[in-house]
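Data first, discussion second: the structure below is written as structure tokens.
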Amino acid sequence: MAFPPAHMLIGAGFAELACAGMRNPPPRWLAWSIGAVLAAGPDADIIIGILRGRGGAYHGTFSHSLTAVAIIALMGYIAGGGRWAMLGGLTYGSHLLVDLLDDSGPTNLMLGWPFTGARPYSIGKLFPKVPVEGEGIVDTALNVLRPHSLINLLLQTLIAAVIFAALLGIAAAIRRRRVRAGEPVAAG
């Protein structure tokens, strides 16, 4: 599974991409902050398992579903209209995409919840696996801090940084195209 730094970088990148098409985007710092938090949000369910001494046992439940993405987008729409719905749905949904690209085989996703509990297999092996296992919070933390795990965590973060940079480049290209088309474009 990808860890929060990878999810947050990619979420911020998708926030930039979402804002590139907006006439009146929110300030960049706000969009990136919201995108980073929402992209890491689905993994809040792992805290329950760690606190109960079960590691990742509760990880990948309803928070890792397309239903959750729709709920976040709806909440964004209610809070501020279509631009917030797009920003929320895209950045929260980026978490599911990243989890589909990890090196774990069967994923921690329940994309079809509440209609099915099926867990799809990874569609790629882009992000190396960092194990989250252990008996309690101390044992789990020690497993994550092993050299092999730390190296994989660093690799995940570097891969996410490359994707972040690519998303910034795509967003810049969208803005340039909009300027050439004569559309108003706010600076981020």
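When only the Cβ of Lys, Arg, Asp and Glu is charged (+1, +1, -1, -1), the dipole of the chain relative to its Cα centre reaches about 780 debye. Extending 7 Å from Cα along the Cβ direction at Leu74 and again at Val179 yields two label points whose distance is 4.0 nm. Grab the Cα-Cα distance for Arg23 and Ile170, subtract it from 0.36 nm times how many residues apart they are, and report the gain in nm with one decimal. Going from the current span to full extension adds 51.2 nm. Using C-alpha pairs under 8 Å with a sequence gap of at least 6, the mean separation divided by the residue count of the chain gives a relative contact order of 30 percent. Excluding the site residues themselves, the longest part of the chain lacking any trypsin sites (Lys or Arg not before Pro) in a DSSP loop with at most 13 other Cβ atoms within 10 Å is 53-124. For the chain, the longest principal axis of the C-alpha atoms and the axis of helix 28-40 are separated by about 30°. Relative to the longest principal axis of the Cα atoms of the chain, the long axis of helix 147-180 lies at roughly 10 degrees.
Between Leu97 and Leu51, what is the label-point separation in nm under the 7 Å Cα-to-beta-carbon projection? Each label point is offset 7 Å from its Cα along the Cβ direction, giving 3.1 nm.
Subtracting the Cα-Cα distance of His148 and Thr116 from 0.36 nm times their residue separation leaves 8.1 nm of extension gain.
Each value in this text was obtained by applying a stated rule to the coordinates, not by laboratory testing. Please read all numbers here as calculations on a predicted model, not as lab measurements. Counting neighbours? That spans all protein chains shown, and the Cβs are built from the backbone with ideal geometry, glycine included.
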